[in-house]
1. In a shell of Cβ-Cβ distance under 14 Å around LEU179, excluding LEU179 itself, what net charge do Lys and Arg (+1) and Asp and Glu (-1) give?
2. Please list 271-279, 59-67 highest first by mean number of surrounding beta-carbon atoms within 10 Å per residue.
3. How much net charge surrounds SER257 when only other residues with a Cβ under 12 Å from its Cβ are counted (Lys, Arg +1; Asp, Glu -1)?
4. Structure shown: which of LYS149/LYS246; LYS174/LYS277; LYS140/LYS167 lie over 23 Å apart, alpha-carbon to alpha-carbon?
5. Restricting to Cα pairs below 8 Å that are 6+ residues apart, what does the relative contact order work out to for segment 119-280? Please round to a whole percent.
Amino acid sequence: MSVAPPMETPTTPPAQEIVEPQPSQQDIIETAPVQENSTPSTLPPTTPGKQSNAIKILLVGLALILFGVLAGILAARFIPMSGSLEQTPITPTVTITTTPTVTVSVTPTSVATPTATPSISKTSPTPSAVSKDWNLLTVKSILGLAGYKFSYPTGWVLKTSPTVTNKGLLVIEKEKVSLQILAGVQGSAPCQYPEDQEIDNALKYTSYKEIAKTPTIGWRSALYESGSVNRTNPTYDVCETVSGGKYTTLTKIGTISLSGQTISDLVLADFDNILQKIEIAE
């Protein structure tokens, strides 16, 4: 009998440590799990472009609000709240100034005979001649000179009435100043004014005032300065136009003068008005 060989006890091989390969950093980054629905801890920063758009929108909104307020104020100011605007028509006031036209009718008078005498009217003359506070004296033609209507204020006193005998002398007085008209050639002479050249035998005057009588007759009331006539008191003479633009003391109705020791401005104003109111018969 054979003896069986002894059985070998199996030996257990030493245990090998299994080392798993470590992933590389690249693998970690690529395979890192992504967590979904995670809540960020902070808000993302706002970009400058989005902030500028928000400011623009705010400014436009404020501008629209201000425009609406202004439109409402203007509408309340110029548009009536209710009803229609009724305007009252304005009637213009027209002022018409009318200047009355007065026509003076003068009846020519023929040369009177030596027996002619003036007629004196103490009643009020017609409005075309003088006012009611003046006296009217009608003088007919004497010694070939023209007749005339002579008006003087009631404050003057008639001293001498013109007749043929006194050569048509008319004298009125006020405040010891006399105004006289003499229907004659006595004392007539050329008149010389400051702007004139030297005139032989002329009466010289310092100043004058123009008085238009007719389209062809012009008078000058002038203050006598010197000449061939000796005068102790201030005297104003009336000179009339002649040919060549010259003047002479002889007028169509005679020589006219105002004389007195003291001639006030009131008396001188009366003298100018009397001269303007004299109506020469054609």
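Read-outs throughout are calculated quantities, based only on the coordinates presented, and are distinct from any laboratory measurement. The structure presented is a predicted model; accordingly, all values stated were derived computationally and were not measured. FYI the Cβ positions are ideal-geometry reconstructions off the backbone, even for glycines, and counts take in every protein chain you see.
1. For residues surrounding LEU179, the net value is -1.
2. Averaged packing, sorted descending, gives the order 271-279, 59-67.
3. Charge balance in the 12 Å sphere: 0.
4. With Cα atoms farther than 23 Å apart: LYS149/LYS246.
5. About 21 percent, as a whole number.
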